[in-house]
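Working notes for the structure below.
What follows is calculated from the coordinates using simple rules that are stated; it is not laboratory data. In this text the structure is predicted, and so the values were computed from the model without any measurement. Don't worry about glycine lacking a Cβ; one is built from the backbone with ideal geometry, like all the others, and counts go over all protein chains shown.
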Amino acid sequence: MFSIAATLFGLSVGYVIALQSRPRTPPAPTTVAQAAPAQGGTSTPVLADEQELAALREILGRDPNNLSAATALANRLYDAGRYADAIPYYQTAVRLAPSDPGLSTDLGTALWYSGRADDALRQYERSLAADPTHAQTLFNIGIVSLEGASDPARAVESWERLLTTYPAHPERARIEALMAQARDAMASRPPTR
């Protein structure tokens, strides 16, 4: 009986770990002001299966270098809107796979949703060090630069780089609209002396 339960538990944990890391993206804004709040995402979080989370934590307790478990745990917490809880697991995953710009960007986005815009931007720069043309990173830098760092010029620069690298980007119209809003924000700033 115990062996059947252990096998079923192992299969369910194996299934969880086998799921691929999904890119973490600030939500699609309709206006820049709604782009992505400093704390918490705008999409409805999914409830986390606490047993699944416990199983993943147990795996990491036995094998702290298990990239799949760290990534799966971070993703489940992120999907549940528990961004601050996801950060240490993304940090583990990034430590284990430092050249994976997707994981690095996921960490940056969790930082952003935890109200840590400057940390998010620093993490995105690390993502670009791994892949200077990583589309999601370039997009996210634009959002966080504009909304979190009040730096519309940096936002425009990042989005221009994205569209130069990927001229047929499927979100081109949306990115161009965001760039126009960022340029408007730049134009409405009082002149510096």
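Observations
- Stretching the chain fully between residue 95 and residue 125 yields a gain of 9.3 nm (0.36 nm per residue, less the alpha carbon separation).
- Under the simplified labelling scheme, the residue 50-residue 133 pair shows an inter-label distance of 4.7 nm, with each label point 7 Å from Cα along Cα→Cβ.
- Around residue 149: net Lys/Arg minus Asp/Glu count, Cβ-Cβ under 13 Å: -3
- Residue 58-residue 160 pseudo-label distance in nm [points 7 Å out on the Cα-to-Cβ vector]: 5.4 nm
- Take 104-115, 144-155 and order them by the average number of nearby Cβ atoms within 10 Å per residue, most first; the result is 104-115, 144-155.
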